[in-house]
Amino acid sequence: MVSIPRRNVSIFLLTTLVLLYLGDGVFGFLDTRIRDIWVRWRVAANQPDVHPWLAKTASLFPLDKHSGDILLVLYDDRAYLSIPGPPPPWNRRVFADAIRTIGMGHHKVLGIDLFFRAPSAFDIEQDADLISAVKQASPTVLMAYRKGNFVALPFPALSEVAISAPPYFYPYLDESIRKSSLVYRTMDVPPRLSFVGEMARLYWGLPPEKVEILDREVIFHLPGGDRRIPLDEGENLFINYNSMLRTIPVISMFDLFHKKIDPVAFKDKVVILGLSNSLIQDRFMTPTGMPEFGSLIHAVTLQNILTGTFLQNSGIWQGFLLGVILLLTSTLLLSHILQPLPYLAATAGGCLVLVVFSWYSLIFSLQMTNVAPGLFGLIASCVFSVGARYYNELSEKLRIKNAFQHYVTTSVVNEMLKDPGKLVLHGEERIITIFFSDIAGFTTLSEGMAPIKVVNLLNEYLTLMTEGIFKFEGLLDKYEGDGIMAVFGAPIGQSDHAIRACRCAIDNQKSLSMLREKWSREGNPEIKARIGINTGIVVVGNMGSKMRFDYTVIGDNVNLASRLESANKIFKSDILIGEATNELVKDKILTRFVGSLLPVGRLKTVRTFEILCALDEPDQQMLSNFRNAKEIYETAFQLAIDGKPAEGLALLDSFQPGKSADKPLQILHEELTRLAAQPQKEHWDGVWKQRK
């Protein structure tokens, strides 16, 4: 993958870390929603008649059975419609009778989830009856009223005979009740236990001094060991909806009123007396997705306390630290060692692990593990890393396309775009083949011609030659007037770059032959092109200034290719190649050794070869003629090297060089003629010196 600049990575990490730190509220909201899913799933999975498909997952979402110690006595719709007199809480005799019946059953503790704000304005005897019943049913906890720091107790005569404590549900933004107060703190008194807290203390039979209220937890010092309950914001307990609220045992006030309940039913029970009247009582939203009456929520909260199944928060920094660790791991490690698809798969797998961990922690470990910051860290890192690489790759591909679309064939551009990472644009050493061509005597040909006509002819010629280069997937490096420089083997590596260059040269000469015929018919001058090809190590890549640069090649082997193109003047040849190129193409291209060339500016000679034709030339007669020309030339040349120029000359005469169109053969004939005329004065070493 294309690497991402470190500066961009640093900016992303800094920005994401700030978001992780400042987004505590948002991530808390998301984690709450994830936990709500598990709660609702647990409820649905344990209702096979309603959700048969989810029921198959019931083993993954076990419910805690009610301990049986908690019993609800509710003034429900049946009681409201059937019991004569005013509705609660004004019909206090009905509650007094119920409390008295409960007390007769020797309950453990009674919690009255009704607020008796003031004495009755109509029947003082009702208040006395109620006070008497509450006193007899001790231990009893009366509901007090709380709003913020303000706490109001029941009317004084009643509050004097029992403990009074306020319940308080902490609603979230969606009004769902997920926390219940265990402690309440006011400005003028020390912290005290709330309604359910006092019920738990009395259930265990603990005196107030055996309960320690700290800033972050409440400790009940039980005989068998301390029960530590963590506090959120110094007051609240997280409720674990680990049972079906509507399966908590309930007795209707209607049945108590009509004496249908044996007081023995209340023996050793924790009894909560409250309302479940849909006509006069509001319900509270819960994470289960169903609204419930407050008394039922008190019951499940109290059960959490008594059984130790309350939820524990993982701490304010747990989610942030998890998000930071996963963000850094994903961005600095995984994104560098994985390709996009495996990286996406790893991110998806990591997110799945986090979600499963959230489920397991809540259902089996009773931990409220925050995974939303971790999910955000993984997803943000993946989106950034893959997105940035995708953007960079598109930019790189666009840059490559813009840089090369006019210099290489479309197929080569497409190959480069498949994997820009393989394309090295900075300078590197590589073995490639360099191709130079030039029009012979172009300056002379253009004299006397209108400039616009010269341009048109040159454009037609260059177009034809460039098409040949593209045909063999070469790189058009540059135009230099009427000269062309091309490269084979870069920017995309080609194992047969030398063969491609030689076939391109043969093809160009054939195309130029047809162009000469066309121009001859149009009355334009004939042109011939010289081509030089060399293979060797060069430096290839982007070169130039910061403002402007080109993809090109430099090195001594580039210069040698240019010298070989110019050396065609010496041999009157069309295509010359160096020895390295000849070694690579000799099985595919028919060449002949024309001599050792001492190029301008070099101290060492270069064995030089002329391309005759391709070995797969379909015209067998032409191929045979070229083979014969090769044999004649190289044999005569060797005779001259051996000091037998006369014998070489005789061999050439037998080939009728004067009538042959083979220009290099004619040049060799002239040289051997000169050598044969003065055999005692000079020994020829077969070296042709390039003057310019």
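Miscellaneous remarks
- Dipole of region 617-692, positive end: most advanced residue of L675, A646, N625 [Cβ charges, Cα centre]: L675
- Counted charge near P139, where neighbours are those whose Cβ lies closer than 13 Å (Asp, Glu -1; Lys, Arg +1): +2
- Under Karplus coefficients 6.51, -1.76 and 1.60, residue-wise ³J(HN,Hα) of region 362-375 in Hz, glycine/proline x: 6, 6, 10, 9, 6, 10, 8, 7, 8, 10, 4, x, x, 4
- Near S278, the amide H atoms lying under 5 Å from its own belong to D77; only residues 5 or more places off or on other chains count, and H is placed 1.01 Å from N.
- Bridgeable aspartates and glutamates around K108 (alpha carbons under 17 Å apart, same-chain partners fewer than 8 residues away excluded): D69, E198, D262, D268.
- Extent along the principal axes, Cα only, for region 479-581: 47, 36, 25 Å, with the longest axis given first.
- The H on the amide N of T309, modeled in the peptide plane, is under 5 Å from the matching H of no residue at least 5 residues off or on a different chain.
- Global geometry of the chain, whether rounded, prolate or oblate, following the gyration tensor of its Cα atoms and the 1.5 cut on a/c: prolate
- Dipole magnitude for region 558-670: about 400 debye, using +1 per Lys or Arg Cβ and -1 per Asp or Glu Cβ, origin at the Cα centre.
- Karplus-derived 3J(HN,Hα), 6.51/-1.76/1.60, for each residue of region 11-19, Hz, glycine and proline x: 5, 4, 4, 4, 5, 5, 5, 5, 5
- Distance violations [Cα-Cα > 20 Å] among K569/K689; K528/K572; K179/K210; K630/K663; K572/K630: K179/K210
- Summed residue charge, Cβ within 15 Å of D49's Cβ, Lys/Arg positive, Asp/Glu negative: +2
- 0 to 90° range, to nearest 10: angle between helix 195-204 axis and the chain longest Cα axis: 70
- Region 617-692 shape via C-alpha gyration tensor axes, a/c threshold 1.5: prolate
- Restricting region 290-339 to chymotrypsin sites (Phe, Trp or Tyr not before Pro) in coil, as DSSP defines it, with at most 14 other Cβ within 10 Å: W317
- Paramagnetic reach from L222 in region 63-80 [backbone N under 18 Å; point 7 Å along Cα→Cβ]: 64-71
- Shape class of region 66-308 from the alpha-carbon gyration tensor: rounded, with the ratio a/c of largest to smallest axis under 1.5.
- For region 586-672, trypsin sites (Lys or Arg not before Pro) meeting the loop criterion (DSSP other than H, G, I, E, B) and having at most 11 other Cβ atoms within 10 Å: K604.
- Over the chain: helical MRE at 222 nm, DSSP H runs n ≥ 4 each giving -39500 (n - 2.57), nearest 500: -14500 deg cm²/dmol
- Region 614-647: chymotrypsin sites (Phe, Trp or Tyr not before Pro) in DSSP loop, at most 14 other beta carbons within 10 Å: none
- Helix axis angle, 318-329 relative to the chain longest principal axis, alpha carbon, degrees: 10
- Structural descriptor for the chain: relative contact order 10 percent, calculated from alpha carbon pairs under 8 angstrom and at least 6 residues apart.
- Cβ-based net charge around L362, under 11 Å, with every Lys or Arg adding one and every Asp or Glu removing one: 0
Bear in mind that the values in this text are calculations on the coordinates, not laboratory data. Small disclaimer: the values here were computed from a predicted structure and weren't measured. Cβ sites come from the backbone with ideal geometry, for glycine too, and all protein chains shown count toward neighbours.
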